[in-house]
């Protein structure tokens, strides 16, 4: 089953210098094990190829049903030195939610899960 993260997650992003920060929060408790299994640092690095020029770190926050990712060297030096449109990383969360994962587990997705 192919799932777009938008269907099973919320996201929020920001920055610290040249590092983008993306928090991915499961919409339902049963979605957390799925994102934990399939949304790896390697998958995120691949999704942001050409944007994230450094490593990607992943941190698990099971009490919040969330994962947090640091995308190093992804903001052209950061807000004070970059000429990028989004040097603060505010749109990284929207880009992350467009990521698709192939899951083996059947998921019950309601039509309104992402409204």
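Among residues of the stretch 37-61 being assigned to a helix (DSSP H, G or I) and in contact with a helix residue (DSSP H, G or I) (Cβ under 8 Å, 6 or more places away or on another chain), the one that is nearest to residue 17 (Cα to Cα) is 44. Residue 14 meets each of the listed conditions (1) modelled with pLDDT of 95 or more; (2) surrounded by fewer than 18 Cβ atoms within 10 Å (Cβ to Cβ); (3) touching a strand residue (DSSP E or B) at 6+ places or on another chain (Cβ under 7 Å) apart from (1).
The residue that is modelled with the highest pLDDT, counting only those in the stretch 101-115 that are closer than 11 Å to residue 3 by Cα and surrounded by 14 or more Cβ atoms within 10 Å (Cβ to Cβ), is 101.
Among the residues of the stretch 62-73 satisfying the criterion of being surrounded by fewer than 18 Cβ atoms within 10 Å (Cβ to Cβ) and either touching a residue at least 24 places away in the same chain (Cβ under 8 Å) or within 10 Å of the chain's Cα centre (by Cα) (or both), which is farthest from residue 16 (Cα to Cα)? It comes out as 62. Filtering the stretch 54-63 for residues that are in contact with a strand residue (DSSP E or B) (Cβ under 7 Å, 6 or more places away or on another chain), at pLDDT 95 or above and at positive phi leaves an empty set.
The values are calculated or read from the model by the stated rules, or taken from the named source; none is laboratory data. Computed from a prediction, not measured in an experiment: that's the story for all the values here. Note: ideal-geometry Cβ built from the backbone for every residue, glycine included; neighbour counts use all protein chains shown.
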